[in-house]
């Protein structure tokens, strides 16, 4: 039986964070620092989610250690390879680091397996329930919990905040513009699509709560915010046509 201490987790976290910061710059990504910070905060959200899943599932201690470490490592190679391959590369990086640090071989193998398989290329070209059945048949419980922990970060508050952040990066967007886009339906549609891919009973329960919050938030936004200006400014052409005779004569 292996043992993973809080000091071990602290060192893993520091390694992952510094690796993200180095690789995002090394591979020439624009806005490197905020991108690395965003990826790290996503990692922490996934870690928080997987701890909640583990608690709900009443998982044994060894499973908790494996899942928590896998959550920290799961996106470590997000910037070094194309997205479909970041799980494979991340498993290699995790294995190399954990071996160098002298971790138990069984622990290393289980962490690497979860990281390797956590990325699922969900497609609209096949029924979601069919894809879910395949994942359930092919992945172990630790991988399933990691997949759900990441999916949960795409539902609820985190999903809304990410959309607001993305929309505000477009400098010409007003609060009314952003509110209109949020309530246009695509944010909720995306959240519902992700909810349908949840795999564990704990993940589904947490996802349902977050989806309900998301739906209530959108309803409240429509209730409180003016999404369409009832007195819009006329176009330039209309303004020209509406000029008073006195104004035209003074020119």
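Computed from the coordinates by the stated procedures, all read-outs in this text should not be read as laboratory data. This structure is a prediction, so every number in the text was calculated from the model and none was measured. Every residue, glycine among them, receives a Cβ derived from its backbone with ideal geometry; neighbour counts consider all protein chains shown.
Worth a mention:
- Prolate/oblate/rounded call for the stretch 30-150, Cα gyration tensor, a/c under 1.5 rounded: rounded
- Working from the Cα coordinates of the stretch 154-225, the gyration tensor eigenvalues give, after taking √(5λ), semi-axes of 24, 13, 9 Å in decreasing order.
- Cα-based helix-to-principal-axis angle, 105-117 vs the chain, degrees rounded to 10: 30 degrees
- Relative contact order for the chain, counting Cα pairs under 8 Å that sit 6 or more residues apart, in percent: 17 percent
- Pairwise Cα distances in the chain exceed 34 Å in 30 percent of cases.
- The chain: angle of helix 32-56 to the longest principal axis, Cα-based, in degrees nearest 10: 60 degrees
- Dividing the convex hull volume of the alpha-carbon atoms in the stretch 135-190 by its residue count gives 85 Å³ per residue.
- Normalised contact order of the stretch 1-99, rounded percent, pairs of Cα under 8 Å and 6 or more residues apart: 30 percent
- The stretch 154-225, relative contact order in percent, only Cα pairs under 8 angstrom and at least six apart counted: 48 percent
- Global geometry of the stretch 49-102, whether rounded, prolate or oblate, following the gyration tensor of its Cα atoms and the 1.5 cut on a/c: oblate
- Shape category assigned to the stretch 94-190 from the gyration tensor of Cα positions, a/c cut at 1.5: oblate
- Between 0 and 90°, nearest 10: helix 61-73 axis offset from the chain longest Cα axis: 50 degrees
- Computed per residue of the chain from DSSP H runs no shorter than four, each worth -39500 (n - 2.57), the mean residue ellipticity at 222 nm is -22500 deg cm²/dmol.
- R0 of 22 Å, Cβ-Cβ distance residue 219-residue 186: FRET efficiency to nearest 0.05: 0.90
- Likely footprinting exposure, 198, 26, 167, fewest C-beta neighbours within 10 Å first: 26, 167, 198
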